[in-house]
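Structure first, then comments.
FYI, it's all coordinate maths here, none of it is from the lab. These figures come from a predicted structure and were not determined experimentally. Neighbour counts run over all protein chains shown; Cβ positions are idealised from the backbone, glycine included.
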Amino acid sequence: MTNAREFWENRYNGKRRWKGTPNALLVETVADRKPGRALDLGCGEGGDAVWLAGKGWEVTAVDIAASALRHTSEHAEANGVHVTTEQHDLSETFPTGPFDLINAQYLQTPFDFDRAAAFRKAAHALAPGGLLLIVDHGSLHPWSSADPDTVFPTPQEIFDELDLDPSRWQPERLATPERKATGPGGQIATVTDTVIAVRSRA
């Protein structure tokens, strides 16, 4: 049976799959923030990491798959920026902080993975005033092969599962915005994202 590392390695091994553009909710969230030290969890091919580096952030990009990190490094070099890459299985190891921004876009997997534990580690790795941005799929794409009866947790449920000390962390945004998505055959659909932004108190 394929394990998580093999699955994601196979997914990113070969030609690039995506355009390399940053996720819109990341851009919206950090557009006015002063650059600092950023961590991109589950960086994939590096669209977010390279964009952040281009905005002056000192970026560490993390993925379980070496092929994803290779694409990220190549994308960074092609854009004339530097991104540090580290291979981590976040169920076992976590990068050393502190970070002013931790970005986790669609860090969802078909394998057993204690996301809450990983996100608690992320919260503890924030610098004072730092921001943890979690963006999940909040609905299925019409072209998805996933179980149509899938139930997605609410932003509040995800935040509550982190079990963070309110004297040290506060939710800055809990929301379910909609966006237009384009499928592999050019289909257009409205889908929902789940956004959890958590700030470390200064």
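Residues in region 113-157 that are touching a residue at least 12 places away in the same chain (Cβ under 8 Å), loosely packed, with under 14 Cβ neighbours inside 10 Å and among the acidic types (Asp, Glu): Asp114 alone.
Of all the residues in region 38-78, those that are over 26 Å from Asn10 (Cβ atoms) and part of a loop (DSSP other than H, G, I, E, B) number 3.
Take the residues in region 137-173 that are among the β-branched types (Val, Ile, Thr) and over 18 Å from the mean Cα position of the chain (by Cα); name whichever of them is farthest from Ala197 (Cα to Cα). Of everything passing the filter in region 137-173, Thr150 is farthest from Ala197 (Cα to Cα).
Of all the criteria given as (1) under 21 Å from Cys43 (Cβ atoms); (2) buried (at least 18 other Cβ atoms within 10 Å of the Cβ); (3) not small (Gly, Ala, Ser), the one not satisfied by Arg179 is (2). Condition first: surrounded by fewer than 21 Cβ atoms within 10 Å (Cβ to Cβ), polar (S, T, N, Q) and within 22 Å of Asp136 (Cβ to Cβ). Can you find one or more residues in region 71-92 that meet it? Scanning region 71-92, I find at least one residue that is surrounded by fewer than 21 Cβ atoms within 10 Å (Cβ to Cβ), polar (S, T, N, Q) and within 22 Å of Asp136 (Cβ to Cβ), so the answer is yes.
Of all residues in region 158-198, those satisfying the criterion of being more than 19 Å from Ile102 (Cβ to Cβ), in contact (Cβ under 8 Å) with a residue 24 or more places away in the chain, out of contact with any Asp or Glu (no Cβ under 8 Å at 6 or more places or on another chain) and not hydroxyl-bearing (Ser, Thr, Tyr) are Ala181, Gly183, Pro184, Gly185, Gln187, Ala189.
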